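> Provided herewith is a single structure, encoded as structure tokens, for subsequent inquiry.
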Amino acid sequence: MGRSGTPPAMIEAVDVAKSFTLRRRAGRGPRRVRTTLSAVDGVSFTVGRGEFVGYLGPNGAGKSTTIKMLTGILTPSSGTLRVCGMDPSRERTALARRIGVVFGQRTTLWWDLPLRDSLTLIRRLYRVEASAHRRRLAELTALLELEPFLDTPVRQLSLGQRMRGDLAAALLHGPELLVLDEPTIGLDVVSKATVRGFLERLNAERGTTILLTTHDLGDIERLCRRVLIVDHGRLAFDGDLARLRQAVAADRMLVVELARPGPPVELDGIEVVRTEGPRQWLRLPRAANAAAVVAGLAERYEISDIALREADIEEVLAGLYRGDHAYTPTPP
Amino acid sequence: MGVFPWVTWFAFRRHTAYPLGSAAEALTNTVFGFIRASVLIGLWRARPHLGGYDQADAVTFCFLTQALIGPVQIFGGMELTQRIRSGDVAIDLYRPAGLQGWWLADDLGRAAGSLALRGGPPMVAGALVFPFHWPGPGGLAAFAAALALGVLVSFGLRYLMALAVFWLHDDRGLNAVALVMSLFFSGMIVPLVAFPGTLGTVARALPWAAQIQVPADVFLGKHSGAGLAGALAFQAMWAAALIGAGHLLTRAARRRLVIHGG
């Protein structure tokens, strides 16, 4: 379904749905009733070659289920899904050789053996040529700074080291698409920075397409040029971050520093959400004219400093997940 | 060469990575060997030539089967079970390799590692204290084949049990039943040759017999010629049936899959 003149998309999802049948006890006694749980409910999107896409949503929104369908572990209940031009569940083995996957909360490495051994096994699993393996391993070792712990058993690695090892394991066979399920979960700021810097380079220099699920807002702001947001199994948003802020009409924040501490300022349509000494935080509705508000404040109060802050992505997402904001799904 | 021999090799290394732990297990197996041996000696004093075994056969059987506890993992269990419960099986299912083949290769490495570190001590200790029955080179070769088939049968049974966790929320009941069946019908408690009448006939036809009783009988030289071929064929039949069933169940599991834990 690639548009004419453009290379075929890396991922094409059309009305993809996945539901699970659960059996639950109906009251007392052995009788059980079947209930259907819809984890993903008709999701459509396309990811082109070389894109870096964030796949976001609250817990239980259907992100992991989508990733399991993309990698062929789960079969969609309906809809069509193509990854690298293949049907993931039917051509799982062939597809696995062309994509890399990191499940942040799980590891593909062998716990009791040195990292190097797991990487050797991965080479055999993906049948990578010895020379290509040596080259990629050297490259990944340098980029991910693996050298100091290549010969350490995985169980002795810190979480950050293990995650770098898992990233190397996912990339040793040179995949075109990298799917990451919460790769920075639990990492400290330094490890996060290393992982993010690495992913950025991988995408920019190698052109590897990356699909990332995360709850880490730093990941999103730093890495994702485009975000897809799922909620209750449906696609709620598809676009870049600026458009996301606009789409959800998030309020801005005006931070005012008065000449001296005083009671909360009073101005029509403005709500003071916090005061701290002479500093006050004012919520500015999206429709309000910031210049007029600032002028109005300056007329009535003596102001020593002022700053206008866009809603940060955390507030935008929280509002979106809670359903505070009206939004309309935007076409890609 | 495919990846499976490598999986076996790395599993062997993994299961020999903690020699002190293995030494402790070997010591436990040896101590229990002496306890079991004294019970069996009492039984064979009361009933000499019970089931065609003499006292040396019974004692050899006892220490040999203690040595096989690890390799055939007679107490059951498989790492795969935990991985299904935790959802880590997603990693196994995603790999470009078959789930059953991967875990079979892993289990063969585990069994070899266990035999290497836990097999020797009970045998040596038993042989130093009691009259013992050692096979010749031909018998040893036949025993190696019987042991390998016993490990395959053991894998076949434990793999089915592990996959059951895809359907069951709690497998403790199943494990308890399996453990009793495994200990009783493998010959670990009393050699199956001592089981009377129909019970003995049935016990000797079940797959658990293929894990312990048959390899032990081969070690003791109780089979020869066509009898030996028949014993190995009996094991091979159960191994094929169980692994075949595991193959079908793997396909069913993939279809109905619910991965636990997101």
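> Report yes if some residue within region B:106-113 is touching a residue at least 60 places away in the same chain (Cβ under 8 Å), surrounded by fewer than 21 Cβ atoms within 10 Å (Cβ to Cβ) and away from every other protein chain (no Cβ under 12 Å); otherwise report no.
For region B:106-113, residues touching a residue at least 60 places away in the same chain (Cβ under 8 Å), surrounded by fewer than 21 Cβ atoms within 10 Å (Cβ to Cβ) and away from every other protein chain (no Cβ under 12 Å): present.
> May I ask you to list pairs of residues, at least six apart or on different chains, whose Cβ atoms are under 7 Å apart, with the first in region B:181-199 being within 10 Å of residue B:212 (Cα to Cα) and the second being in a helix (DSSP H, G or I) and aromatic (Phe, Trp, Tyr)?
Listed by first residue and then by second, the contacts come to B:182/B:208; B:185/B:208; B:186/B:208; B:191/B:61.
> For the subset of region A:225-235 comprising residues that are open to solvent by less than 10 Å² (accessible area, probe 1.4 Å) and within 20 Å of residue A:48 (Cα to Cα), which member is farthest from the chain's Cα centre (by Cα)?
Once the filter is applied, the top-ranked residue is A:230.
> Given the options A:149, A:103, name the one that is open to solvent by less than 20 Å² (accessible area, probe 1.4 Å), of a type outside the set (A, V, I, L, M) and under 27 Å from the mean Cα position of the chain (by Cα).
When all the criteria are applied, what remains is A:103.
> Same structure again: Looking at (1) open to solvent by 60 Å² or more (accessible area, probe 1.4 Å); (2) within 14 Å of chain A (Cβ to nearest Cβ), which is the only condition residue B:3 fails?
The single condition residue B:3 does not satisfy is (1).
> Hey, another quick one. Being over 27 Å from residue A:320 (Cβ atoms) and either basic (Lys, Arg) or in contact with a Pro (Cβ under 7 Å, 6 or more places away or on another chain) (or both) is the filter here; which residues of region A:281-304 pass it?
Listed by number, the list holds a single entry, A:300.
> Anything in region B:51-84 that is more than 14 Å from every other protein chain (Cβ to nearest Cβ) and polar (S, T, N, Q)? List them, or say none.
B:55, B:60, B:65, B:66, B:73, B:81
> Please go through region A:30-55 and give me each residue that is open to solvent by less than 10 Å² (accessible area, probe 1.4 Å) and modelled with pLDDT under 90, ordered by number.
Within region A:30-55, A:40 is the sole residue that qualifies.
> Considering each of B:58, B:90, B:67 in turn, give the residue that is among the hydrophobic types (A, V, I, L, M, F, W, C) and in contact with a strand residue (DSSP E or B) (Cβ under 7 Å, 6 or more places away or on another chain).
B:90
> Condition first: of a type in the set (Gly, Ala, Ser), farther than 23 Å from residue B:58 by Cα and open to solvent by 40 Å² or more (accessible area, probe 1.4 Å). Now tell me which residues in region B:117-157 satisfy that.
None; the set is empty.
> Would you confirm whether or not region B:84-101 contains a residue that is modelled with pLDDT of 95 or more and either touching a His at 6+ places or on another chain (Cβ under 6 Å) or under 28 Å from residue A:103 (Cβ atoms) (or both)?
The answer is yes; a qualifying residue exists.
> Taking region B:18-50 on its own, how many of its residues are open to solvent by less than 40 Å² (accessible area, probe 1.4 Å), within 14 Å of chain A (Cβ to nearest Cβ) and touching an Asp or Glu at 6+ places or on another chain (Cβ under 9 Å)?
Of the residues in that region, 0 qualify.
> Which of (1) under 24 Å from residue B:242 (Cα atoms); (2) modelled with pLDDT of 90 or more; (3) part of a helix (DSSP H, G or I) is the odd one out, the single condition residue B:127 does not satisfy?
(1)
> Here is a further query. Just the residues that are open to solvent by 10 Å² or more (accessible area, probe 1.4 Å) and of a type outside the set (Val, Ile, Thr), please, taken from region B:51-81.
If the condition is that a residue be open to solvent by 10 Å² or more (accessible area, probe 1.4 Å) and of a type outside the set (Val, Ile, Thr), then B:51, B:52, B:54, B:55, B:56, B:73, B:75, B:76, B:77, B:78, B:79 are the ones that fit.
> Hey, does region A:57-68 have a residue that's of a type in the set (D, E, K, R) and under 20 Å from residue B:254 (Cβ atoms)?
yes
> Going by the structure shown, is residue B:87 touching a residue at least 40 places away in the same chain (Cβ under 8 Å) and within 11 Å of chain A (Cβ to nearest Cβ)?
yes
> Return the residues of region B:128-162 that are among the aliphatic types (A, V, I, L, M) and touching a Gly at 6+ places or on another chain (Cβ under 7 Å); say none if nothing qualifies.
B:160, B:161, listed by residue number.
> Scan region A:172-191 residue by residue and report those that are touching a helix residue (DSSP H, G or I) at 6+ places or on another chain (Cβ under 8 Å) and open to solvent by 10 Å² or more (accessible area, probe 1.4 Å).
Scanning region A:172-191 gives A:173, A:174, A:181, A:186, A:187, A:188, A:190, A:191.
> Keeping to region A:257-292, report how many residues are under 24 Å from residue A:319 (Cα atoms) and surrounded by 15 or more Cβ atoms within 10 Å (Cβ to Cβ).
Here the count works out to 9.
The values are calculated or read from the model by the stated rules, or taken from the named source; none is laboratory data. Keep in mind it's a predicted model, so treat the numbers as computed, not measured. Glycine also receives a Cβ, built like all others from the backbone with ideal geometry; neighbour counts cover every protein chain displayed. Remember, those area values only see protein heavy atoms, side chains included, never the ligands or the DNA or RNA. Shrake-Rupley method; radii C 1.70, N 1.55, O 1.52, S 1.80 Å.
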